[in-house]
Amino acid sequence: MCNQSVEIVHRGICHLGEGPIWNARLQKLFWTDIYNRKIWAYDPEKSESTVFWNGKYQVGGFAFTRTGNMVLCTDRGVFLLNLSPEGIPEQEPEILFEIPLQKNEMFNDITVDPQGRIFAGTLLRPDFQHGTLYRLEKGKKPEVVLKELYCTNGMTFSLDKKYFFHTDSNVHRITRYRYDCKTGEISDPQVYFQGADGMGSPDGITLDSQDHIWAAFWGGGCVRRIDPAGNVVSELAVPARLPSSVMFGGKGLEELYITSAAENAENVVTGYRSDGAFAGGPVYRLLPGVAGREEWLADF
């Protein structure tokens, strides 16, 4: 099914590359390097990556809006970043939602639902306990959806929009909820995927056009494709121990992009461990043999 040749498209070493989003209008891939407080953009037409935004916040996740701007979920709260028609930041981000974050709490990953709502999860370092999942909707106050989470990561929705998937990496689990698209409410949690020792932890996820989930496995050095019943049907190795997230992009959404993290601060400079083994930090691309589904835009 898959051309398993993995190529590096961004050779810069991200300390913690995360949250890739394909922008269909701009035909570019965007992702955040959380600890370095940067958002990068990759243009496949030019085979070139550039720093899109370099600010004072750690951006755990972001989304593009229907008006052509960007919502940033950070360690300081939720902000709106206004962009020019060409997709260039025009000014400093402005606060969008007042959410009181605790010390060492930050947003870690987000997704957008078909109605343009944002689901955004927090984590607390260093114990990774007491995280919260919020639902953000225009004209309303932030609503708490889930509490007492460890580490919210990848989230997505089924093709029929009847199910919501939520990853809690520290318990190696992806949970499936029934989803009411009209209200944004979730219910009836069921374990969709439970990882085992030695697999690594499911991290960022995305959905393909056949209703299968693709998940990066942090510590597992691979991405896995999971069918609607929760069974792993394929596994693709990545030359990094810490792949962090996945996103379909390119023309026809036929390419799969994979972000990764360097294993520790020393690897940020070189991308290699002291023993010479590759440690990760670039962005990779492969041809999975199946197309993705276009991401929805936030209604803000």
Could you work out the per residue convex hull volume over the alpha carbons of the stretch 5-121, in cubic angstrom?
122 Å³
Taking only the alpha carbons of the stretch 152-233, the radius of gyration and the largest Cα-Cα distance, Dmax, both in angstrom, are 12.1, 40
Return the calculated 222 nm mean residue ellipticity for the chain, to the nearest 500 deg cm²/dmol, obtained by summing -39500 (n - 2.57) across DSSP H runs with n ≥ 4 and dividing by the residue count.
0 deg cm²/dmol
Please find, in a Gaussian network model of the chain (springs between Cα atoms separated by less than 10 Å), the residue of Gly250, Gly280, Gly55 whose mean-square fluctuation is greatest.
Gly55
Residue by residue through the stretch 291-300, what is 3J(HN,Hα) from phi via Karplus (6.51 cos²θ - 1.76 cosθ + 1.60, θ = phi - 60°)? Round to whole Hz and write x for glycine and proline.
8, x, 10, 5, 6, 7, 9, 6, 9, 9
Mind checking which lysines have their C-alpha under 24 Å from Lys103, skipping anything on the same chain fewer than 8 residues away?
Lys38, Lys56, Lys141, Lys147
Compactness index (Cα Rg / 2.2 N^0.38 Å), the stretch 20-69
1.12
Option label - P(r) over Cα pairs in 20 Å bins from 0, in percent computed here, alternatives (i) 29, 45, 21, 4; (ii) 37, 60, 3; (iii) 33, 60, 7:
(ii)
Pick from Asp203, Asp160, Asp113 the residue whose mean-square fluctuation is largest in a GNM of the chain, springs joining Cα atoms under 10 Å.
Asp160
Calculate, for Glu86 and Ala229, the FRET efficiency according to 1/(1 + (r/R0)^6) with r their C-beta to C-beta distance and R0 51 Å; round to the nearest 0.05.
0.70
Less than 15 Å Cβ to Cβ from Gly131, Lys/Arg counted +1 and Asp/Glu -1: what total charge do the surrounding residues give?
-2
Once amide H atoms are placed 1.01 Å from N in the peptide plane, what residues at a sequence separation of 5 or more from Gly220, or on another chain, have their amide H within under 5 Å of its amide H?
Ser201
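All of the numbers you see were taken from the coordinates with simple rules; none came from a lab. The structure presented is a predicted model; accordingly, all values stated were derived computationally and were not measured. So basically every Cβ, Gly included, is an ideal-geometry build from the backbone, and we count neighbours across all protein chains shown.
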